[in-house]
Amino acid sequence: MSSSQESGAVGRRRTSRVVVVGGGIIGLASAWRARRAGLSVTLLERARTGEGASRVAAGMLAPVAEVEFGEAGQRVLDLGLRSAAMWPEFAAELEQRTGMDVGLRRTGTLVVARDEDEARELERQLDFRAGLDLRARRLLPSAARELEPALTPTIRLALHAPDDHSVDPRLVLAALRRACELEGVEVREHVHVVAVQHDRQHATGVDVAGNDIEDGRRVTGVALEDGERIDAHHVVLAAGAWTAELGLPADALIPVRPLKGQILRLRDPAGPGLLNGVVRFHGGYLVPRGDGGYVLGATMEERGHDLQPTAGGVYELLRHAHELVPGIEELRIEELSVGLRPSTPDNAPAIGPGALDGLWWATGHHRNGILLAPLTARLIARGLVGDLRPNEFAGCRPDRFLHAQVAALRGHLRPPLGVV
């Protein structure tokens, strides 16, 4: 941008009822639903829509296969089951509105154990799912190979989740972008939000950095890097791993960290048929597409915002997959990608109202952004129009982090003058 263009942008103001920050699947779906609810919506993306973590994702809709132990795991399961039930209607609506296929495949998921240690762990996982009344059945190796003949004969045990399916995120992203355009969402790419703006009202103290901690604040819009300001009644933050760069006050910020994942896209020159459904295993998964493509992923690495692929990560993915599905050695490597999953301290998402009036969170989906997109979009749209229901945000409330942060800050407040 030239200096004259920059000076022209400074001081420029625009208005939108809702500003959505982030153009991945969560941001696009939320913008689409908000617009269909009758609100004017502007979506802002720092690069290109659909080019971040959502594009790299494999697209598994697998709340049963991925359920984890613990309270947070139970919350994510509940959210995942709700959203998985919404996916068929969500996909059909997208396809009908845009005429674009989204690649929904209802083929089930197979979790496979390679040795005795993994088989014992899988038995424990089966008991855990039975206790949660989830549909998951135990399969002996022969039965598992009837479902997936390409599996090695040496497998020891398998868990079959018939209701866990998959979708092609790249097709979904293209359809959502088109749906937003058709509905009249203003989509702006290559714009960098540097601050969420808000009114300063009643100060209640000072934090350790000397910043006011305030009550009664509400968002007024966002400021862009080029000096432009967009006034808004609501701001929805769906910026994923880049959340910390949005210029929020410390006591209103949700802790979201990037979790690096490397993923391979493979293709069978003979066409589809090597695998019918999703196959998961210790260290990764294989997700078939309908056109002979396969997604092999994914590493989980605490490397900050590092987007560089590594030989070690690729080797481990291929080694684990080849031990289970020897036929992958004939597949061609089409693409190696790296994405940054947005993860919270408990790996459950933050969806709902924030510490500032008019601020809405839609982030921290960890490995479940594709799965949780329909539910997240519905919750955000309902919140924006005031159609909140009892316990609407149960399991994903952002204030579970804010309470702890504010308490920590208040513990370091300087006492008022004259108080000892």
Report task. Within segment 377-390, identify whether any single residue is touching a Pro at 6+ places or on another chain (Cβ under 8 Å) and not in a helix (DSSP H, G or I), and answer yes or no. Result -> no
Query raised in the report: Looking at Ala113, is it closer than 22 Å to Glu323 by Cβ, buried (at least 17 other Cβ atoms within 10 Å of the Cβ) and outside the structural domain of Arg33 (by TED's automatic domain parsing)?
Result: yes
Requested in this report: Scan segment 319-347 residue by residue and report those that are under 20 Å from the mean Cα position of the chain (by Cα) and either assigned to a loop (DSSP other than H, G, I, E, B) or surrounded by 20 or more Cβ atoms within 10 Å (Cβ to Cβ) (or both).
Outcome: Val338, Gly339, Leu340, Arg341, Pro342, Ser343, Thr344, Pro345, Asp346, Asn347
Query raised in the report: Within the set of pairs 6 or more residues apart or between chains, which connect a residue that is more than 20 Å from Val19 (Cβ to Cβ) inside segment 37-59 to a residue that is assigned to a loop (DSSP other than H, G, I, E, B) and of a type outside the set (Gly, Ala, Ser) with Cβ atoms less than 6 Å apart?
Result: Gly59/Val167; Gly59/Asp168
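Helices (runs of 4 or more DSSP H) wholly in segment 1-91 with at least 2 residues that are under 30 Å from Asp163 (Cα atoms) and at pLDDT 95 or above - which ones?
25-36, 53-56, 63-66
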**Report entry** Residue identified as crowded, with 17+ Cβ neighbours inside 10 Å and farther than 30 Å from Trp32 by Cβ among Leu157, Leu132, Leu104, Leu94
**Finding:** Leu157
Query - Residue, modelled with the lowest pLDDT, within segment 219-256, restricted to residues that are surrounded by fewer than 18 Cβ atoms within 10 Å (Cβ to Cβ) and within 30 Å of Gly284 (Cα to Cα) - result: Ala244
**Report entry** Subset of segment 135-149 (residues that are under 31 Å from the mean Cα position of the chain (by Cα), in a loop (DSSP other than H, G, I, E, B) and within 18 Å of Ala113 (Cβ to Cβ))
**Finding:** Ala136, Glu148
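Starting from residues that are assigned to a loop (DSSP other than H, G, I, E, B) and under 8 Å from the mean Cα position of the chain (by Cα), keep the ones in segment 352-376 and report whichever is surrounded by the most Cβ atoms within 10 Å (Cβ to Cβ).
The first filter runs over segment 352-376 and keeps only residues assigned to a loop (DSSP other than H, G, I, E, B), leaving 354-356, 358, 364-368.
Cutting the leftovers down to under 8 Å from the mean Cα position of the chain (by Cα) gives us 364-368.
Numbers: Gly364: 29, His365: 33, His366: 20, Arg367: 21, Asn368: 24.
The residue in question is His365.
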**Report entry** Check on Val278, hydrophobic (A, V, I, L, M, F, W, C) and within 23 Å of the chain's Cα centre (by Cα)
**Finding:** yes
Requested in this report: Give the residues of segment 377-420 that are at pLDDT below 85, surrounded by 11 or more Cβ atoms within 10 Å (Cβ to Cβ) and either in contact with a Leu (Cβ under 9 Å, 6 or more places away or on another chain) or among the aliphatic types (A, V, I, L, M) (or both), sorted by residue number.
Outcome: Leu388, Leu402, Ala404, Gln405, Val406, Ala408, Leu409, Leu413
Requested in this report: Keeping to segment 160-180, report how many residues are out of contact with any strand residue (DSSP E or B) (no Cβ under 9 Å at 6 or more places or on another chain) and either surrounded by fewer than 24 Cβ atoms within 10 Å (Cβ to Cβ) or among the small types (Gly, Ala, Ser) (or both).
Outcome: 6
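The values are calculated or read from the model by the stated rules, or taken from the named source; none is laboratory data. Note that the coordinates shown come from a computational prediction; the quantities given were computed from them, not determined experimentally. All Cβ positions, glycine included, derive from the backbone under ideal geometry; neighbour counts span all protein chains shown.
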